[in-house]
Amino acid sequence: MKRPNLCHQNISRRTFVTGAAAGAALAGISGGAGARERQSVLNGEAVHTLRGNRFDLNIGYTPVNFTGRDRTAVTVNGGLPGPILRWKEGETVTLNVANHLAHDSSIHWHGIILPSDMDGVPGLSFAGIQPGGSYRYQFELNQSGTYWYHSHSDFQEQQGLYGAIVIDPAEPDPVAYDRDYVVLLSDWSDESPHDIYANLKAEGHFYNRRRRTAGDLWDEIRAKGVAQTWRDRKMWNEMRMSDRDISDVTGYTYTFLMNGQTPDANWTALFQRGEKVRLRFINASAMSIFDLRIPGLKMTVVASDGQNIEPVSVDEFRIGVAETYDVIVEPDGDSAYTLFAQTIDRSGFARGTLTPDPALQAAVPAMDYAPVLTHRDMGMGHGAHGDGGSHKMDGMDSAGSTDGRKDHSRHAGHNMEPMGGMDETDHSQHSGMTDSALHNRASEQYSLHGGRPGLGGMQGVWFTDALGRAGHGSNSSIVHLPSEFGYGVDMRSSMPGDGLHDPGIGLRDHANRYGRRVLTYADIRNLTPTRDQREPSRELQLHLTGNMERYMWSMDGIKFDDAQPLMLKFGERIRITLVNDTMMTHPIHLHGMWSELETGDGDFIPRKHTVIVQPGSKISYLVTADAYGRWAYHCHLLYHMPGMFREVRVV
Amino acid sequence: MKALIHWQMVLLGTALQAQAAVAQQATVSGHHHHGQAGTAATYAPPASPNLRHAADAPDHVMDHQVLFSKVTIDQLERRQHNSGALEGSAWFGGDRDRVWLKTEVEQEEGETEKAELQALYSRAISPYWNLQAGVRHDFERESDSRNWGIIALNGLAPYFFEVDSSLFVGENGDSALRVEAEYELLLTQRWILTPEMEVNFYGQNHRNSTTGSGLSDLEAGLRLRYEFTPKFAPYLGVHYEKKFGNAADFAREEGDSPSETTWVIGLRTWF
Ligand SMILES: [Cu+2]
């Protein structure tokens with residue numbers, strides 16, 4: 001077994017932080033009021049922590065070796081992950097980021113609310129950082145909690161350009177703990193990300209090593225009989241889809257890392273008897289969703305995406321790409337514990353150890369069974385039978401439910417109204433709009449653009465009537481726009497499920513099967529009351545769409561290249577309802593503003609920056625458009641991002 | 001390739017500029033009430049918020065590669081009786097529009113029996129189907145090469161059958177129809193059994209290429225491959241060919257059997 005070979009020595013001292021933090025080189029710095037600072041991580045190659053309010057960050061190449069093969073990573077200050085940036089709420093931080101790569105680069109501060117020119121998205125926020133160039137980021141910190149940073153250029157995030165951010169609160173921390181660790185999860189591949197993307201474009205199932213085989217079919221026939229097996233297989237076969245498409249990129253190419261350590265290297269953290277330990281989990285993966293548990297320990301979830309929540313005690317939780325969860329554990333003083341993060345498709349895991357004694361290790365559990373998608377994950381509801389196929393599904397829409405085509409005629413047209421200044425040629429791609437009868441009827445019935453001329457555009461469906469109460473989600477019917485009926489969309493959910501109470505594919509039976517309590521979004525309640533108590537004035541329904549066979553991803557069937565920005569009016573409060581018309585789980589990230597998840601309690605709405613949307617499900621959140629500028633809004637799965645991306649513009 | 005990417009970027013740039021124009025319009029005209037009547041507005045958004053924001057920045061968000069290519073050699077094989085075959089395709093382009101090349105070459109007793117090359121423009125028309133149009137050139141043994149125009153429908157049919165059906169129109173009013181279908185049966189993740197079939201119909205007889213009007217010939221194969229990687233998979237199999245009607249007569253006149261079964265060994269690869 002080879003250890004990762006991270007070369008810190010070739011980075012000059014000047015590149016580390018100026019100030020008190022230069023010596024505090026290890027990840028395990030205890031926090032909290034009155035806590036002692038000490039080195040408590042065993043592995044010599046732990047992650048550096050930088051403190052203060054001025055930081056020099058250098059983006060460059062670093063040799064690594066995770067698998068026995070020498071590779072080059074793209075890193076910040078030579079570390080994979082980059083240094084932990086420890087900030088203080090209320091301060092203004094200055095970050096001088098220099099790019100030593102041969103390509104443009106950038107750093108985006110994920111989850112930090114800041115002016116848009118500090119957000120670090122090339123093409124939207126700024127011009128990017130050219131090779132040999134640098135950019136000075138400066139912003140005030142108006143929040144505390146656990147966040148992270150990563151490149152927003154090319155596929156550099158897959159190559160190692162990410163790290164943790166911890167912002168200590170200005171007020172006393174409502175969470176009590178004696179010791180504090182960042183646990184950053186990520187996925188490493190020896191393949192170049194461009195090769196991974198090209199492989200996916202050539203064969204969408206390239207990395208899927210769990211495809212259905214003749215043996216599986218035989219087992220099914222023995223268990224269910226030929227007739228039932230045939231019925232069960234029929235829909236999938238007719239739709240040309242696989243119920244085993246859980247992850248696009250898997251352990252076939254990935255090595256999963258915990259704080260930059262392979263499972264064999266076993267990142268290890270120490271605690272002492274009686275201590276409360278805060279673990280700040282960050283999913284900094286490019287493509288991997290993890291299910292996390294610590295066998296033998298209850299976890300009390302105290303924060304989600306950096307925001308304090310009412311503590312929830314669980315045994316297991318799913319962490320989508322880019323999400324963060326802080327948990328408190330109270331380990332028994334005599335045992336070691338395994339931090340076990342298995343991927344959603346069970347193709348591998350990241351692992352570390354929490355122990356009172358460096359000599360002690362806990363058993364590494366076997367991975368749970370690998371999930372298989374069901375009709376429910378295709379948004380067909382329970383009663384729907386699968387006579388699928390993209391064209392047949394149209395028929396099903398009109399026959400099987402009150403939404404679908406019918407609503408189509410009621411709402412869809414209004415987005416198609418030409419906007420002032422919009423190039424007529426833009427319309428050509430929306431083939432469905434040639435149905436002029438439908439078009440006219442829609443514009444008669446609905447005021448255009450939710451009553452806000454100039455803020456509409458070709459951008460999803462806006463509802464202004466019969467909106468559900470703030471915090472309680474959407475009442476609106478499901479509308480599949482004409483743009484969803486093209487070659488880039490292989491499926492549409494006719495009856496999307498509830499994305500709130502569902503722990504997600506592969507976790508649904510863990511309570512019954514293993515007696516584990518699994519966190520759902522419905523469990524999350526903000527610790528402090530909702531700030532903006534207004535009702536939403538309009539609702540945007542946006543569909544997550546794709547074609548697995550062609551490996552295309554989009555929103556409302558429109559790829560980013562062809563999409564218009566979503567226009568928001570400064571100060572308005574809107575609801576966004578995401579409908580997942582694919583079979584994949586997408587973590588959707590809105591920059592610059594909070595996504596206030598509607599979990600059924602309007603008074604304590606949790607604020608998130610990244611929201612998992614389950615396959616065939618819908619979920620709603622509120623957004624207060626309180627930040628001018630151009631913001632990115634996208635799926636955080638790196639290889640979905642080129643297509644499943646919108647610009648949000650607040651004017 | 002570089003030039004094409006450049007053009008894509010230029011087009012993307014134009015699109016973003018159009019967006020910017022729309023946005024400016026929106027800024028000018030978009031000023032209306034917000035908040036519904038009767039809602040409690042206990043929270044006032046900041047009066048002077050994050051006003052600093054970038055002017056329209058350069059027109060790219062990610063430097064993602066926009067054009068791809070795939071070269072597939074479905075069959076590169078040695079057959080019994082000193083014969084062999086090559087069947088492959090290549091595409092290059094974006095999600096919707098691509099350029100395709102398809103080729104089939106057959107050797108018998110060391111001599112090239114049949115060789116054809118197709119060049120097509122391909123356009124995605126539905127989630128699983130591409131409509132293709134182009135030309136086919138047959139390299140004939142006896143110096144009279146033939147050219148055809150093609151309309152083809154290529155894609156994935158329900159039940160995961162890969163289908164390629166082509167209608168050919170020749171220079172002298174000749175016509176032909178070819179339907180190919182292939183299925184992949186996974187015995188394990190690496191052992192894959194592939195039954196496949198190709199059927200050719202012609203509108204006329206053509207002695208030199210031993211094709212006859214109506215149902216002319218059929219090829220069927222069963223190949224078992226082992227995927228060392230998805231891109232490298234050697235196989236063993238059996239190949240069956242049969243000529244019908246006039247085509248069979250032409251074959252007999254040449255002293256060939258109208259039907260033949262051969263063992264094959266070969267390689268399937270793509271890159
Ligand atoms: Cu996605």
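All of the numbers you see were taken from the coordinates with simple rules; none came from a lab. In this text, all values refer to a predicted model and were calculated from it rather than measured experimentally. Backbone-built Cβ (ideal geometry, glycine too); neighbour counts: all protein chains shown.
Data overview
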quantity: Amide proton proximity set for A:His586, modelled H, under 5 Å, gap of 5+; calculated: A:Val613
quantity: DSSP-loop trypsin sites (Lys or Arg not before Pro) across segment B:99-203, with at most 12 other Cβ within 10 angstrom; calculated: none
quantity: Restraint check, B:Lys70/B:Lys231; A:Lys201/B:Lys70; B:Lys114/B:Lys242; B:Lys102/B:Lys231; A:Lys234/A:Lys559, Cα-Cα greater than 20 Å; calculated: A:Lys234/A:Lys559
quantity: Whether segment A:282-358 is rounded, prolate or oblate, judged on the alpha carbon gyration tensor where a/c under 1.5 counts as rounded; calculated: oblate
quantity: Listed residues A:Ala286, A:Ser335, A:Ser313: farthest to the positive end of the dipole of segment A:277-337 (Cβ charges); calculated: A:Ala286
quantity: Test item: B:126-138 mean partner chain Cβ contacts at 10 Å; calculated: 3
quantity: Net charge contributed by nearby residues that have their C-beta within less than 15 Å of A:Gly515 (K/R +1, D/E -1); calculated: +2
quantity: Gap separating the Cα centres of segment A:76-110 and segment A:268-330, nearest whole Å; calculated: 24
quantity: Proximal aspartates and glutamates relative to A:Lys276, as straight alpha-carbon distance under 13 Å, when same-chain residues fewer than 8 apart are discounted; calculated: A:Asp178, A:Asp180, A:Asp326, A:Glu330, A:Asp332
quantity: In segment A:185-264, the GluC sites (Glu not before Pro) that fall in loop regions by DSSP, at most 11 other Cβ within 10 Å; calculated: none
quantity: Loop-located GluC sites (Glu not before Pro) in segment B:85-160 whose Cβ has at most 13 other Cβ within 10 Å (DSSP); calculated: B:Glu109, B:Glu142
